[in-house]
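The values are calculated or read from the model by the stated rules, or taken from the named source; none is laboratory data. Not measured: the values here are computed from a predicted model. FYI the Cβ positions are ideal-geometry reconstructions off the backbone, even for glycines, and counts take in every protein chain you see. Quick note on the areas: whole protein, heavy atoms, side chains included, nothing else; ligands and nucleic acids left out. Shrake-Rupley method; radii C 1.70, N 1.55, O 1.52, S 1.80 Å.
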Amino acid sequence: MSHDLHGDFPTAAQLDAADPLAEFRSQFELPDGIYLVGNSLGALPKTARHHVATELDRWSSLGVEGHFTGDLAWKDYHHLVTGQLASITGAKPEEVVAMNALTVNLHLLMVSFYQPTPQRHKILIESHAFPSDHFAAESQIRHRGFDPTESLVLIAPRDGEETLRTDDILATIAEHGDELALVMLPGVQYYTGQVLPMAEITQAGHAVGAFVGFDLAHAVGNVELSLHDWDVDFAAWCSYKYLNSGPGGVGGAFVHSRHVADQTLPKFLGWWGTNASTRFEMATEFDAIPTIESWQLSNAPILPLAVLRASLDIIEAAGGVPALRKKSELQIEFFDRRLTETLGDRIDNITPQRLEERGCQYALRVTNGDGKRVFEALEHARVLCDWREPDVIRVAPVPLYNSFDDIEQFVQILDGIVT
Ligand SMILES: *Cc1c(COP(=O)(O)O)cnc(C)c1O
């Protein structure tokens, strides 16, 4: 951001006027008010109505033949998003698939990548993991006949700190060493917005012989990812946050190419994982698709995929995650400055300050402890954001559809509420 030495910073209006992505806001249907909660549920792409209507029409006119007819044949419909998901996650097409939902995918991938032995049985997660991730890891440990009190390792920020230190993560991995079967951490932490150093963590996990997987719920569509080059073993995400696929939208999964054809990995099987050219012969011999698609169980949910397609096309037209991130960094710089100028120490911004350690989501704490009241007053003022227990207000300016003016208005409304 350019500004002179006298602190003459650009205004929200100037930044919006110069924003090459500003036009994309008009491609979404946003609720009344200021929508700053794309970290929880992304906005509705207008073209989703068309894509969904098309599939309803095809169902109406073709019935079951829709599975096999035309470019949009439902049996192959999930392939329509593969290239775009690969580009968003830094993966090869054979490494990504849209399927199921996030927690389901974490379980399916742990079936393959959590293979405990009496010597090597631990899973490392974060102490403040999203509860679903905690439950998934804990139940996998029990399912394999181990005890979470011995096998679930929790890493926490240091006392008095909000975020995890890389050195502590790497030291914990080394400390558990050959007892560690799996490291499963978030790409972006849901509460603080912290981006974890995924490449370094992967390297450290591999150095002790563990598999490494990431939950990318808050990372996908938010920060740039290079899952293939980072050598990550697996990852899973939901697409209703920054990928705008709608409530309960279809999830996604990544398995590194060096594992996708490995038939020695244990795996739960379903008919959608077997060779598509012989699938409908209904033979019971499993002929694994030599890509991540062999992890698929069921035929794909076409209507949620239709919404996802609409959104991925818009993200691609905007220039993909690098273009979104470029705008996001300007928004972060603007938001940080306006918060400091306007609210000073009335707000404690616990989001990491370094750009490489954060995405677009902010975690704000009201210094005087009045957070819940402030959150309720924000809701009353039609600012859509969210509250996460015990004391954080999360707001996310999403570069695809939030303006600098949204940020400015939020800061001014907050200023009027926080005492
Ligand atoms: C949003 C989110 C979930 C939600 O899981 P679903 O299976 O999609 O309901 C799980 N974990 C994390 C870290 C999340 O941010």
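Can you name every residue in the stretch 387-398 that is of a type outside the set (Val, Ile, Thr) and either without any contact (Cβ under 8 Å) to a residue 60 or more places away in the chain or open to solvent by 10 Å² or more (accessible area, probe 1.4 Å) (or both)?
Scanning the stretch 387-398 gives Trp387, Arg388, Glu389, Pro390, Asp391.
Just for the stretch 400-419: of the residues that are within 29 Å of Pro10 (Cβ to Cβ), of a type outside the set (Asp, Glu) and open to solvent by 10 Å² or more (accessible area, probe 1.4 Å), which one is farthest from the chain's Cα centre (by Cα)?
Looking at residues that are within 29 Å of Pro10 (Cβ to Cβ), of a type outside the set (Asp, Glu) and open to solvent by 10 Å² or more (accessible area, probe 1.4 Å), I get Gly416.
Exactly one of (1) modelled with pLDDT of 95 or more; (2) within 13 Å of the ligand (Cβ to nearest atom); (3) more than 25 Å from Ser257 (Cβ to Cβ); (4) open to solvent by 20 Å² or more (accessible area, probe 1.4 Å) is unmet by Glu126. Its number?
With (1) modelled with pLDDT of 95 or more; (2) within 13 Å of the ligand (Cβ to nearest atom); (3) more than 25 Å from Ser257 (Cβ to Cβ); (4) open to solvent by 20 Å² or more (accessible area, probe 1.4 Å) applied to Glu126, the lone miss is (4).
Can you name every residue in the stretch 170-184 that is closer than 24 Å to Leu355 by Cα and either hydroxyl-bearing (Ser, Thr, Tyr) or crowded, with 23+ Cβ neighbours inside 10 Å (or both)?
Within the stretch 170-184, Met184 is the sole residue that qualifies.
From the list Ser61, Ser132, Ser87, exactly one residue is within 14 Å of the ligand (Cβ to nearest atom) and hydroxyl-bearing (Ser, Thr, Tyr). Which is it?
After ruling out the rest, the residue left standing is Ser132.
Filter the stretch 57-89 down to residues that are farther than 16 Å from Gly251 by Cβ and among the aromatic types (Phe, Trp, Tyr) and give me whichever is least open to solvent (accessible area, probe 1.4 Å).
Only one residue fits best here, namely Trp74.
Residues that are more than 14 Å from the ligand (Cβ to nearest atom) and of a type in the set (Val, Ile, Thr): list the helices (runs of 4 or more DSSP H) wholly contained in the stretch 203-317 that include at least 1 such residues.
Fully inside the stretch 203-317 and qualifying: 257-260, 302-317.
Output the number of residues of the stretch 305-333 satisfying the condition of being open to solvent by less than 40 Å² (accessible area, probe 1.4 Å) and touching an Asp or Glu at 6+ places or on another chain (Cβ under 8 Å).
Qualifying residue count, the stretch 305-333: 4.
Consider Asp215 against the criteria (1) free of Cβ contacts under 8 Å to residues at least 40 places away in the same chain; (2) within 25 Å of Val104 (Cβ to Cβ): it satisfies all of them except one. Which criterion is unmet?
Only one criterion in (1) free of Cβ contacts under 8 Å to residues at least 40 places away in the same chain; (2) within 25 Å of Val104 (Cβ to Cβ) is unmet by Asp215, namely (1).
Any idea which of Asp32, Asp71 is away from the ligand (no atom under 16 Å from the Cβ) and modelled with pLDDT under 95?
It is Asp71.
What's the number of the condition Asn299 fails, among (1) open to solvent by less than 20 Å² (accessible area, probe 1.4 Å); (2) at pLDDT 95 or above?
If we test Asn299 against (1) open to solvent by less than 20 Å² (accessible area, probe 1.4 Å); (2) at pLDDT 95 or above, just (1) comes out false.
Lys92 is checked against (1) open to solvent by less than 30 Å² (accessible area, probe 1.4 Å); (2) under 23 Å from the mean Cα position of the chain (by Cα) and fails just one. What number does that condition carry?
The single condition Lys92 does not satisfy is (1).
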